[in-house]
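Asker: Following this message is one structure expressed as structure tokens.
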Amino acid sequence: MTEQPGRLAAYWERQLDKLEEAEQKRARKLPGWRTRKHRRALVVVLVAADLALVAGATQFKTEPRWLFPAFWLTGLVVGGFAFMTLRILTGRMSGGFSRLLDEREREWRHRVTYIGYQALSYLMLIAMLYGLLVAGSAARGAMMLSALLVTGTTIPAIVLGWSLPDDDPEDFEEGMGNA
């Protein structure tokens, strides 16, 4: 029985080592995009995509029928691209393990996680009120809930993408030299 926790700890360490290696590879991607200007442009795209999801949810099961899929699919595809790109450019700080982050990154992560939690709480309250007062059907309420849930989960990446300073080019060059 005492051997099991040791095995689990060793397994966990190996998994964290794999994540760290993958993060180091990802950190070298898109070097020309690692500026505040590019991240902010992606934030604007992501916010627009989130709004398209919400707009699509309001059009669920209403006329004309083509509005829902147009808004929803556009929001998912464009938002997914912007979100994944922002996660690469912010070093996956909003979802990384503490061991893989330095002190500054941990502090940023704690801040944006709290902001994201607060925003998600308010968005779920809005979804509940929409479902009770406006939706008229469980399906429309569920679509709004899912749109606002997706929107809420993008908040940490949005905050990081908008507020992080530019990467230090010397740090990036050092990382490239070690590759």
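Every number in this text was worked out from the coordinates using simple rules, so none of it is lab data. Given the structure is predicted, the values throughout are model-derived calculations rather than measurements. Heads up, the Cβs are rebuilt from the backbone with ideal geometry, glycines too, and the neighbour counts pull from every protein chain shown.
Asker: Computed FRET efficiency, Cβ-Cβ of L129 and E20, R0 45 Å: what is it to the nearest 0.05?
Answerer: Numbers: r = 43 Å, r/R0 = 0.95.
Rounded to the nearest 0.05, the efficiency is 0.55.
Asker: Can you give me the Cα centroid spacing of the stretch 93-162 and the stretch 42-56 in angstrom?
Answerer: Using only Cα atoms to place each centre, the spacing works out to 13 Å.
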